[in-house]
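Engineer: Take a look at the following structure, please.
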Amino acid sequence: MTAKTKIGRATARLLNILDETENAVMVCGISAAVILVLVQVILRYVFNLSISWIEEAVRYIVVWMSFVGASMGLRNKAHIAVDLLLTVLPKKPARAVAITGALCGSIFSIVLIWYGLALVQHALAMEQLSSAMLAPMGWVYVILPVSGLFLLIRFVQMMWALITGARPGSGRIDAVEHASGTTV
């Protein structure tokens, strides 16, 4: 087995783990949010009771799902995009523009990781707690560097596909396609 084959298999495993992690977070998140909201509604309207931390927990779950969903959107090419320039440019310049866009996304992801880690460390050092659950806010903020890492992996995957024409790992991020259907 060649080194290139080993790297390809390792990359495929990493991307499959990322796919499964994203899927699991979303399934657990939506399940927990639905159950918590259902419990809150039943308690409030049937028993005239309310649990104060449920609304806060659901809010944080939805925030986490939004950040993980950003990575899933890249995986499935579901983000909105203004691709007018890509459709009018010839193949090579269109590929360069798409690579530049993925590079900018990678830089954003690195910034999100860097400042997300700083925010987590600061919140934990200051012992900041959430208002209702009294949970350490550092653990709430940890989604910032985690989702930054997920996004960075997806943007690198996208750049790899654009540069080589290959479809690394799960292959769900294809090269940029022109409106005519040809691949860049």
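Engineer: Kindly establish whether ALA12 is among the hydrophobic types (A, V, I, L, M, F, W, C), in a helix (DSSP H, G or I) and touching a His at 6+ places or on another chain (Cβ under 9 Å).
Structural biologist: It is false that ALA12 is among the hydrophobic types (A, V, I, L, M, F, W, C), in a helix (DSSP H, G or I) and touching a His at 6+ places or on another chain (Cβ under 9 Å).
Engineer: While we're looking at this one, here's another question. At least 3 residues that are free of Cβ contacts under 8 Å to residues at least 60 places away in the same chain, under 28 Å from THR21 (Cα atoms) and of a type in the set (A, V, I, L, M) in each: list the helices (runs of 4 or more DSSP H) lying fully within the stretch 39-141 that qualify.
Structural biologist: 52-75, 91-125
Engineer: Limited to the stretch 80-120, what total is found for residues that are more than 13 Å from MET158 (Cα to Cα) and among the basic types (Lys, Arg)?
Structural biologist: 2
Engineer: If I filter the stretch 77-89 for residues that are over 27 Å from LEU14 (Cα atoms), of a type in the set (Lys, Arg) and surrounded by 11 or more Cβ atoms within 10 Å (Cβ to Cβ), do I get at least one hit?
Structural biologist: Scanning the stretch 77-89, I find no residue that is over 27 Å from LEU14 (Cα atoms), of a type in the set (Lys, Arg) and surrounded by 11 or more Cβ atoms within 10 Å (Cβ to Cβ), so the answer is no.
Engineer: Now, a different point. Just to check your reading of the model, which residue among TYR45, TYR60 is crowded, with 17+ Cβ neighbours inside 10 Å, out of contact with any Phe, Trp or Tyr (no Cβ under 8 Å at 6 or more places or on another chain) and farther than 21 Å from PHE155 by Cβ? Before the answer, list the steps.
Structural biologist: On the way: TYR45 fails: crowded, with 17+ Cβ neighbours inside 10 Å.
Step by step, each of TYR45, TYR60 is checked, and only TYR60 is crowded, with 17+ Cβ neighbours inside 10 Å, out of contact with any Phe, Trp or Tyr (no Cβ under 8 Å at 6 or more places or on another chain) and farther than 21 Å from PHE155 by Cβ.
Engineer: Name the residues in the stretch 98-124 that are among the hydroxyl-bearing types (Ser, Thr, Tyr) and surrounded by fewer than 15 Cβ atoms within 10 Å (Cβ to Cβ), would you?
Structural biologist: Matches in the stretch 98-124: THR100, TYR115.
Engineer: Go over the candidates ALA166, ALA179 one by one and state the one that is at pLDDT below 90, assigned to a loop (DSSP other than H, G, I, E, B) and under 15 Å from GLY8 (Cβ atoms). Talk me through it step by step, then tell me what you get.
Structural biologist: Details: ALA179 fails: under 15 Å from GLY8 (Cβ atoms).
Unique residue meeting the criteria: ALA166.
The values are calculated or read from the model by the stated rules, or taken from the named source; none is laboratory data. Just so we're clear, the structure is a prediction, and the values are computed from it rather than from any experiment. Methodologically, a virtual Cβ is constructed for each residue, glycine included, from the backbone with ideal geometry; neighbour enumeration extends over all protein chains shown.
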